[in-house]
1. Once you put a point 7 Å from the Cα of Ser110 and another 7 Å from the Cα of Lys130, both along the Cβ direction, what distance in nm separates them?
2. Between Ser139 and Thr89, what FRET efficiency comes out of the Förster formula 1/(1 + (r/R0)^6) with R0 = 25 Å and r the beta carbon distance, rounded to 0.05?
3. Residue separation times 0.36 nm, minus the C-alpha to C-alpha distance between Arg73 and Gln100: what's the value?
4. Taking H placed 1.01 Å from N in the peptide plane, check which residues at least 5 places from Ala113 or on another chain put their amide H under 5 Å from its amide H.
5. Apply 1/(1 + (r/R0)^6) to the Cβ-Cβ distance of Asp59 and Leu27, taking R0 = 25 Å, and write down the FRET efficiency to the nearest 0.05.
6. Which far-off residues, 5 or more places away or on another chain, put their amide H under 5 Å from the one on Val41, with H placed in the peptide plane?
7. Please report Lys65, Lys95, Lys22 as a ranked list, fewest other C-beta atoms within 10 angstrom at the top and most at the bottom.
Amino acid sequence: MASWAPVYPAVVPIPVDLFVSKKHPGLNGDLGFADSLGNIVFKKGSWQGFKGGDNREKDLIFRVKRTVKKLTRTELEVFLVGEISRESTPDFKVKGFPFQRSCTIYRSDSIVAQTSLMYKLHQIYARRSKYRLTIFPGSVDHSLIASLIVIFLYGQ
């Protein structure tokens, strides 16, 4: 008697949620990105777009240009530096509202990642100290996305 079992792909592309807060244990007030188990994946340190450890101009990975900065709305254009990069059109755009801890990162017309405040049913308002970052499936480096969120929310 033959049996049939469904075959599932080994890797299923699913969104990744990171929880962003300054109140994670062990961070001493620094900004941290934790996974669903509470493990710190990224923490605020030297948020610069360089590869390697030398911080030389030739090792620059990306540059960010702020295109809109209003009281309620901010927009950034992100240019990846490299042989393939097109300097005239941005590789990513970040649009949103820093006060509400809300932004969306786009690559062309596709949404790459989004942040949202952590609401609870019994809360009248959401606290701005903890929010969620959802990174959608694709070929985007999570550390790049975390860096862009820090630049968007806390950059000058």
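Bear in mind these aren't lab numbers, they're just calculated from the coordinates by the rules spelled out. Fair warning: this is a prediction, and the values are worked out from it, not measured in the lab. A quick note on method: Cβ atoms are made from the backbone with ideal geometry, for glycine too, and the neighbour counts reach across all protein chains shown.
1. 3.2
2. Numbers: r = 18 Å, r/R0 = 0.73.
Efficiency computed from Cβ-Cβ geometry: 0.85.
3. Net length gain for the segment: 8.7 nm.
4. Answer set, sorted by chain and number: Ile105, Phe136.
5. 0.35
6. Placed amide hydrogens put Phe33, Ala34, Asp35 under 5 Å from Val41.
7. On the way: Lys65 10, Lys95 17, Lys22 14.
In increasing order of surrounding Cβ atoms, one gets Lys65, Lys22, Lys95.
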